[in-house]
Amino acid sequence: MRMRHLLTAAALVLASSGCGAGAGQAPDGPAVSVVTPYLANAATKDVVDKFTAIGEQRGWKVTVTDTAGDFNMLNDKIQSAAAREPSAIVLAMGDPTQLSLGLKAATDNKVPVFAIDAAQADGIAANVTSDNADLGRKSAQALLEAIGGSGEIAMFGHDPHPGVRARAAAARAEFDKAGVTVVTVKHVPVPGPVEGARKLTTDLLAVTPGLKGIWAAWDEPALGATQAITQAGRTGISVVGVDGQDFALAEIQKAGPFYATVKQDWDSVARKVADLITDQLAGKAPAQREFALPGTTVTRTT
């Protein structure tokens, strides 16, 4: 009995000191507010989860707020976060040019804002992203390989995201250089990119009998396009995406329409943002405004 009492007392001491299992963050540690319009997107959730885990390992109190594509609300949430004066705010994707009110509030409250896969802008201390032009070129080259370098293709993008715009522009340049015909460029909604792309593709197949390929700016619309092509029983149409999500890799292994993706290094992106915040806490400002990491093409043969 005496041993049981001693063990119970020891457990209580560990719990009260924050050293027990599950104590991922110190109650009085630095506060970091993550805000995003795109948590429903698989890649966004992936990198936000990775960043949150790293932050909590470092003793930070990390909160995550999603606005489900509502940029007016995103402005409000950044202003609210800035008013609480956390150690840092992290913008997880989204176009900072639409967030001037929120970024001004952060500047006025002397709260640094770091961005994940967004863009440089006034009020952004540093943006950590993949090299989106590189992602666009590599994904376009993969689709050109799949279709034999010629034919009709479609492009699925999402202009509110600056990174997606950059990769789409780079991909389009590759297609124009190769002389392929881009029959249409479609906007894919978020939330709902899989369903949105599936419907877009179903409609496209009905009016484009000669379609040979679909370039999707990220993996979820590529999955929706793949599903529509499969359901329609169409062959000879290849799809590529960007991100390298597990579901995309699984589809590529099936040797169906989903031909390739370009994998983004979300572990390194999340860790770099965390390192920049750690430096900021120590009084060290970022050495540059943007950090761009390369992507890796994944096909059936790789």
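The values are calculated or read from the model by the stated rules, or taken from the named source; none is laboratory data. Computed from a prediction, not measured in an experiment: that's the story for all the values here. Positions of Cβ are generated from backbone atoms using ideal geometry, with glycine treated the same way; all protein chains shown enter the neighbour counts.
Structure notes:
- All helices (runs of 4 or more DSSP H) inside segment 202-300 with 2 or more residues being within 22 Å of residue 116 (Cα to Cα) and small (Gly, Ala, Ser): 266-281
- Here segment 138-166 is the region considered, the condition is being charged (D, E, K, R) and under 28 Å from residue 115 (Cα atoms), and the residue that is surrounded by the fewest Cβ atoms within 10 Å (Cβ to Cβ) is 159.
- Segment 66-82 residues that are over 12 Å from residue 98 (Cβ atoms), paired with ones that are modelled with pLDDT under 95 and not in a helix (DSSP H, G or I) (beta carbon under 8 Å, 6 or more apart): 66/40; 68/40; 68/191
- Flag if residue 214 is hydrophobic (A, V, I, L, M, F, W, C) and over 21 Å from residue 43 (Cα atoms): no
- Looking across segment 219-253 at every residue that is more than 17 Å from residue 157 (Cα to Cα) and among the charged types (D, E, K, R), the one that is surrounded by the most Cβ atoms within 10 Å (Cβ to Cβ) is identified as 251.
- The set of residues in segment 265-290 being among the polar types (S, T, N, Q) and within 21 Å of residue 96 (Cα to Cα) consists of 280, 288.
- Among the residues of segment 70-96, those that are touching a helix residue (DSSP H, G or I) at 6+ places or on another chain (Cβ under 8 Å) and assigned to a helix (DSSP H, G or I) comprise 71, 74, 75, 76, 77, 78, 79, 81, 82, 83, 96.
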